[in-house]
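In what follows, a structure is listed as structure tokens, so that the remarks can point back to it.
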Amino acid sequence: MRNCIRIRNWLPIACLLLTIWTKVSQSSGYFELQLIAVKNVNGELWHGECCDGTRNSKDRRCVRDECDTYFKVCLKEYQSEVTTTGPCTFGSGSTDVLGGNIISFKTAKNKPSKTSDVGKIIIPFLFAWPDTLLSR
């Protein structure tokens, strides 16, 4: 009986000590995507329809205006089958309209290895998770 009372008295202290040993670890950084070139020769949207107008019956290309090309990026947890719906758990980013059906983000010919910042999407992230000293 006395042992039960002692355990009951020490239990809150033990819980307090475990709480003190637990700390939150944080990390921050950014995900960066650099586009190099885009070719949409037929001028189609992602689902196969023409951006503007109809298809030419001979070569099946879209006949009117070029597409207004932009990109959206959504960072999610791993999915065995990727879906375009649902929340962007780790962040999202997009570009403005970058051009038409064919775009290159290479800079001037005197620096062929450099790419333009225009085709860059940067998504900052900040994560926190508990990290206990007992698990090390």
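Here Leu98 and Ser57 are evaluated by their C-beta separation; at R0 = 30 Å the FRET efficiency comes out at 0.50. Suppose R0 equals 30 Å; then what is the FRET efficiency for Leu11 and Leu126 from their Cβ-Cβ distance, rounded to the nearest 0.05? So, using R0 = 30 Å, E works out to roughly 0.25.
Highest-first packing order for the peptide set 96-106, 41-51, 79-89 is 96-106, 41-51, 79-89, based on the mean count of other beta carbon atoms within 10 Å.
We did not get these values from a lab; they are worked out from the coordinates using the rules stated. Predicted, not measured: the structure shown is a model, and the values here were computed from it. All Cβ positions, even for glycine, are placed from backbone atoms using ideal geometry, and neighbour counts span all protein chains on display.
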